[in-house]
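Since the structure comes first, as structure tokens, the remarks are kept for the end.
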Amino acid sequence: MTVMSTDVSTTSTSQGSRNDSIRNVAIIAHVDHGKTTLVDTLLKQSGNFRAGELEKLEGGQHGLIMDSNPLERERGITILSKNCAVNYHSADGKDYRINILDTPGHADFGGEVERVLRMADGCCLLVDASEGPLPQTKFVLGKALEAGLKPVVIVNKVDRPDQRVTDVVNEIFDLLVDLGADDHALDFPILYCSGKQGWATREWPVPDPANRPKDLRAVFEAIVKEVPGPLAETEKALQVLITNIDYNEYVGRIGIGRVFSGTIRAGQQVKVIKRDGKLVTSKVAQLLQFAGLKRTEVKSVEAGDLCAIVGLESVDIGDTVADFENPVALPTIRVEEPTMTMLFRINDSPFAGQEGEFVTSRQIRDRLMDELQRNVAMRVEPGRSSDEFMVSGRGVLSLGILIETMRREGFELSVGKPEVILKEIDGEMHEPIEELVIDTSNETVGSVMELVGGRKGELKKMEPRGESTTHMLFHIPSRCLIGMKGRILTATQGMAVMHHSFLRFAPVAGEIAHRAQGVLIALETGSVTSYAIEALSDRGSLFVVPQDKVYAGQIVGEHNRDNDLTVNITRLKQLTNFRAASKDATVVLKAARKMSLEAALEYIEDDELVELTPTSIRLRKKLLDESARRRADRQSREREEDARAAR
């Protein structure tokens, strides 16, 4: 279906004319504060879809529409930013086109938020009515203020029994002051809503159910009244900033972005200005505009609106699509530097190539280079050999999502322990410091403080939240967070909720404690036997079950003590002609300890790797041969003794 572009109304301001019929708004918040749920409900109440049309698209553990990626639906979090558009008829009789940008809430995907904010003219800041502003709230709000966006504050989940709305609003105001917001931003409008139940109001306390609104019209009205229309500099030369890339197997790469000036037309000759300044001549083969969750073909798109461009050669995120005669580049997208790096290498274990399709270093390199075109917050550098790559990102979760995606695409690879990226400032090495927030039961506060304090965490604030919960704020080095989540959950019987985000760089705080236990290492290649597992049951907890295939050097369990132990996990029971008194006894084996990808990445030490295939996650030593490991340990001890003697 082809939709012709319509005439738009404009108003003049000191900054230039604005397109009054369009609103570009980003939905930002901390993880699990209800962004995607609210956007889904806005879509359902927009009147732009047939009955049952959106319900067919729901999926995942929360039945969400915008979280359409399989990994998003499995994990229940937003990973990729997305946009949709709805037409809205306001209370004053005007028609508006609202482009809604849904963003991730986790700190590891902050790069998605930073580039999407370039497409918006305002933002809706969602804050949980009970949890209040958390680390990622501070990060996304700071980025929105840097972009000059005024927030519309939406206090979500006000129907929670433990809501503390008045305190949360005061905390939001204090946060804006701390971020240096101007008087215009401090005069923010406030809405109180329940995204799940689908209603919103500007009144507090909320009226009783019989008198309160039954829909989210208050949110739509706040968007069209508080968010300014985009600048409509249609008389200037064409400038389109590409902020996202899509791919279609029929038409190839599709550049998604915002028209900042001029008008772009289908069939038009343009210049693509790369991030390094190189000019590439290209032609707009097809022009698409967002309508609901779909894209419709149009003849032209004017300044202020979002569009998808088909036919551009080698277009990437951050490129500018400019006028053919007068190409002028827009400021490129800048994001925060990565704080975590990880070794990616080929899988060279004895089982290499048995389960995956893509196993060579060239295939892994090409896939990582392709990821760089879509993920502006990631960096890839060559390793110490041609088979190794150093991949840097915002955190373990963002790197884990990349690894999981590669697994599902058929790749086999091995990855090393995540490491923080150090930075030299004034001749001294600095490391990233994060703001860590933990909410836990009053009974487990001592255990949490002991664990975090033992990893160089500094308690900055502690306050009660309700009758049974304590809220704690720490500043802690990023490297000390690796492997902490599992320990915190164990110490609090799974009751603790923790969030963290990058805060600043500070001088390196010194050594931290490593894993307290050693590991059990397979002696030879073969199948795991029940007989061997029974014999090793008192040595520690195992990661394998009977009939699993293992190889020499693979980590098969955790030792009870602090040293590594090589064990014969494939040992068979010798057959004899003697009757055993216990031959009829039933042996109950301990359940194997299964690790998720993120848990495995946080578990390993410097001399270990995680082997990943489409069907398996295995832990292994870098040196598979036992004699080679002993030789390396001896050399390491000798170097440490020489270093101590030199001091």
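Bear in mind that the values in this text are calculations on the coordinates, not laboratory data. Note that the coordinates shown come from a computational prediction; the quantities given were computed from them, not determined experimentally. Backbone-built Cβ (ideal geometry, glycine too); neighbour counts: all protein chains shown.
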Open item on the list: Starting from the 7 Å offset along Cα-to-Cβ, what nm value, one decimal, do you get for the label separation of Asp183 and Asp370?
Closed with: 5.4 nm
Task: Amide H contacts under 5 Å for Arg23, placed H, 5+ residues apart - done: Arg97, Ile98, Asn99
- [ ] Could you compute the FRET efficiency for Ser90 and Ala147, with r as their C-beta to C-beta distance and R0 at 22 Å, rounded to 0.05?
- [x] 0.30
Open item on the list: I need the calculated FRET efficiency for the pair Gln197 and Glu171, taking r as the beta carbon distance and R₀ as 30 Å, to the nearest 0.05.
Closed with: 0.80
Task: Over region 273-418, relative contact order from alpha-carbon pairs under 8 Å, at least 6 apart, % - done: 24 percent
- [ ] Using only Cα atoms, locate the centre of region 94-115 and the centre of region 265-285, then give the distance between them in Å, rounded to an integer.
- [x] 26 Å
TODO: Rounded to the nearest 10 degrees, what's the angle between the helix 361-374 long axis and the longest principal axis of the chain, both from Cα atoms, 0 to 90?
DONE: 30 degrees
Open item on the list: Under 8 Å for C-alpha pairs, at least 6 residues apart: give me the relative contact order for the chain, rounded to a whole percent.
Closed with: 10 percent
Open item on the list: Which lysines, if any, have their Cα less than 18 Å from the Cα of Lys274, not counting same-chain residues under 8 positions apart?
Closed with: Lys283
- [ ] Determine the gain in length on full extension of the stretch Glu249-Glu355; use 0.36 nm per residue of separation and subtract their C-alpha separation, reporting nm with one decimal.
- [x] 35.6 nm
TODO: Would you pull out the residues with amide H under 5 Å of Ser537's amide H, same chain only if 5 or more places away, H placed 1.01 Å from N?
DONE: none
Task: Estimated FRET transfer efficiency when R0 is 30 angstrom, pair Leu572-Ser596 (beta carbons, to 0.05) - done: 0.40
TODO: Pop out the ³J(HN,Hα) list for region 135-147 in order, Karplus 6.51 cos²θ - 1.76 cosθ + 1.60 with θ = phi - 60°, rounded to Hz; leave Gly and Pro as x.
DONE: x, 6, 4, 5, 5, 5, 5, x, 5, 5, 5, 4, 7
Task: Degrees, to the nearest 10: 165-178 long Cα axis against longest axis of the chain - done: 90 degrees
Task: Note, ³J(HN,Hα) from phi for region 460-474, Karplus 6.51, -1.76, 1.60, rounded to Hz, x at Gly and Pro - done: 9, 7, 9, 8, x, 10, x, 7, 10, 10, 10, 9, 10, 10, 10
Open item on the list: Using amide H atoms built in the peptide plane, which far-off residues or other-chain residues are under 5 Å from Ile254 H to H?
Closed with: Asp246, Tyr247, Asn248
Task: Gain in span if fully extended, Ile190 to Lys549, counting 0.36 nm per residue against the direct Cα distance - done: 123.4 nm
Task: Crossing angle, helix 35-45 versus the chain [Cα axis fit, 0-90 degrees, rounded to tens] - done: 40 degrees
- [ ] Multiply the residue gap between Leu589 and Leu422 by 0.36 nm, knock off their C-alpha separation, and tell me the result in nm, one decimal place.
- [x] 55.6 nm
Task: Estimated vicinal HN-Hα couplings, Hz - region 616-629 in sequence order (Karplus 6.51, -1.76, 1.60; Gly, Pro = x) - done: 9, 10, 10, 9, 8, 7, 4, 9, 6, 7, 5, 5, 5, 5
Open item on the list: For Cα Rg over 2.2 N^0.38 Å, one of (i) 0.96; (ii) 1.08; (iii) 1.35 was computed from the structure I shared and the rest are decoys. Which label?
Closed with: (ii)
